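These notes are about the structure you will find just below.
The values are calculated or read from the model by the stated rules, or taken from the named source; none is laboratory data. Note that the coordinates shown come from a computational prediction; the quantities given were computed from them, not determined experimentally. Please note: Cβ atoms are built from the backbone with ideal geometry, for glycine as well, and neighbour counts cover all protein chains shown. Each accessible area value is taken on the protein alone, full model and side chains, heavy atoms only, with ligands, DNA and RNA left out. Shrake-Rupley method; radii C 1.70, N 1.55, O 1.52, S 1.80 Å.
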Amino acid sequence: TTAVEKTLGSTWPGLPLVSTMSTGATDGKYTRIAGIPTYGVSCMFFDKNDDRSHGKDERVGVQDFYDGLAFNYRLIRELSTPH
């Protein structure tokens, strides 16, 4: 089991892991140029009918923010734990 799958399963049981490609820019460009494989993980939920990405009133729900923060914390702990 990968770290992402393990963390996803313990945080949101039954939620599938879906790989996608982001069309947005990222600072990962610099690590890729250096030959380091670079990946991102989206860990927040958004209302698909209220997408205000990059607008003056861009936002994320308070609980969604804290849930995403907790997911990232667990994932980083899993990735940094020797197995």
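Miscellaneous remarks
- Check on Ser42, within 12 Å of the chain's Cα centre (by Cα) and more than 19 Å from Leu69 (Cα to Cα): no
- Helices (runs of 4 or more DSSP H) completely within the chain that count 2 or more residues being open to solvent by less than 90 Å² (accessible area, probe 1.4 Å) and charged (D, E, K, R): 62-80
- When every residue of the range 49-56 is checked against the conditions, none turns out to be touching a residue at least 24 places away in the same chain (Cβ under 8 Å) and in contact with a Lys or Arg (Cβ under 9 Å, 6 or more places away or on another chain).
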